[in-house]
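Some notes on the structure that comes next.
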Amino acid sequence: MQTIDLATQSLRDLNVTLQAQKDQTNATSWQVLNPRGAHAIAVGLDAPIEVTVRGSTGYYCAGMNKQATVHVTGSAGPGVAENMMSGTVIIEGDASQYAGATGRGGLLVIKGNASSRCGISMKGIDIVVQGNIGHMSAFMGQAGNLVVCGDAGDALGDSLYEARLFVRGSVKSLGADCIEKEMRPEHLEILRNLLERAGVDAKPEEFRRYGSARRLYNFDVDNAAAY
């Protein structure tokens, strides 16, 4: 395992080193010590490497991630995994606001709670939150899945497009054009797979599904697969 200590090395050097790793690298396992809440740790990665950040991080940790697995043993500040493309990001603690914002792919797992606007404008990312989420989560969510094992705050799914929302606990209120929908067998299978990948011991049947009523945008059923 390669080790970078931010008490003695710069954040710029950390990111330059990690971003230099390519598909065929032999240095596939990294750990980052003493993050001390620094911003933009492990951003822009594009290689199948594993990075463990031992502590809590500031803004935009693992932003624009592609292929890599980033594991934060503490909590994360705003915008964790923002614009994520692929790979996996795991937060052992809590995540601040707009976790997974605009994410296009990959899996974000938050083992604690997530603050407001979790999954805002999500475009294909899968997000699993084992705790609760704050208000305006999945606002303008276009594609992907948001799984909440706890409760959801106000205005869940406001102005939603075709992202799927699964909540096991209570929902304080639904946003504009977001409604509860039938949980069909194919949705149970999607949810079962996500819970398994996230290491969550919960039954899909315990969740409710929410989605767009499709009244706020032009929807053509013949093009449903494209949304």
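Applying a 10 Å radius around every beta-carbon, put 158-166, 198-206, 125-133 in order of their mean neighbour count, most first. Don't jump to the answer; show the numbers that get you there.
Values: 158-166: 23.3, 198-206: 14.0, 125-133: 25.7.
Ranking the peptides 158-166, 198-206, 125-133 by packing returns 125-133, 158-166, 198-206.
Among all the aspartates and glutamates, which ones have a C-alpha under 16 Å from LYS172's C-alpha, if same-chain residues fewer than 8 places away are not counted?
ASP151, ASP154, ASP158, GLU180
At a Cα cut-off below 18 Å, give the aspartates and glutamates reachable from LYS22, other chains included and same-chain residues fewer than 8 away excluded.
List returned: ASP13, ASP46, GLU50.
With Rg and the Kirkwood Rh both taken from Cα atoms, where does Rg over Rh land for the chain? Walk me through the intermediate numbers first.
Details: Rg = 17.5 Å, Rh = 17.5 Å.
Ratio of gyration radius to Kirkwood radius for the chain: 1.00.
Find, to one decimal place in angstroms, the Kirkwood hydrodynamic radius of segment 1-112, where the mean of 1/r is taken over every pair of different Cα atoms and then inverted. Please report the intermediate quantities before stating the final value.
Values: mean 1/r = 0.0758 Å⁻¹.
13.2 Å is the Kirkwood radius here.
Students often check this: by mean Cβ neighbours within 10 Å, which of 66-73, 78-85, 10-17, 187-194 ranks highest, and how do the rest follow? Can you show the working numbers first?
Values: 66-73: 21.4, 78-85: 24.9, 10-17: 14.1, 187-194: 16.9.
Ranking the peptides 66-73, 78-85, 10-17, 187-194 by packing returns 78-85, 66-73, 187-194, 10-17.
When the helices in the chain are scored as -39500 (n - 2.57) per DSSP H run of 4 or longer and the sum is shared across all residues, what 222 nm value do you end up with, to the nearest 500 deg cm²/dmol?
Working: 2 runs with 22 residues, N = 227.
The helix-only estimate for the chain comes to -3000 deg cm²/dmol at 222 nm.
Under a plain spin-label model, where a point goes 7 Å from the Cα along Cα-to-Cβ, how far apart in nm are ARG215 and ASN26?
6.3 nm
Which lysines does LYS123 reach when only Cα atoms under 16 Å apart count, and residues fewer than 8 places away in its own chain are ignored?
Within reach: LYS66.
Determine one quarter of the surface area of the Cα convex hull of segment 112-224, which equals its mean projected area, and express it in nm² to one decimal. Write out the running numbers ahead of the final one.
Values: hull surface 25.0 nm².
Here the figure is 6.3 nm², rounded to one decimal.
For the chain, what is the charge dipole size about the Cα centre, in debye to the nearest 20, if Lys and Arg each add +1 at the Cβ and Asp and Glu each add -1 at the Cβ? Numbers along the way, then the final one.
Values: 21 positive and 24 negative charges, 39 e Å.
Using Cβ point charges on Lys, Arg, Asp and Glu, the chain gives about 180 debye.
What size of dipole, in debye to the nearest 20, comes out for segment 8-65 about its Cα centre when the only charges are +1 on Lys and Arg C-beta atoms and -1 on Asp and Glu C-beta atoms? Don't skip to the answer; put the middle values down first.
Working: 4 positive and 4 negative charges, 42 e Å.
In debye, rounded to 20, segment 8-65 gives about 200.
In the chain, what percentage of the DSSP-assigned beta bridges are antiparallel, given to the nearest 5?
Working: 7 of 47 bridges.
Taking every DSSP beta bridge within the chain, about 15 percent pair in antiparallel fashion.
How far is helix 185-197 tilted off the main Cα axis of the chain, in degrees rounded to 10, range 0 to 90?
Rounded to the nearest ten degrees, it is 20.
Just so you know, all these numbers are worked out from the coordinates, no wet-lab data involved. Small disclaimer: the values here were computed from a predicted structure and weren't measured. Note that we place each Cβ from the backbone using ideal geometry, even for glycine, and neighbour counts take in every protein chain shown.
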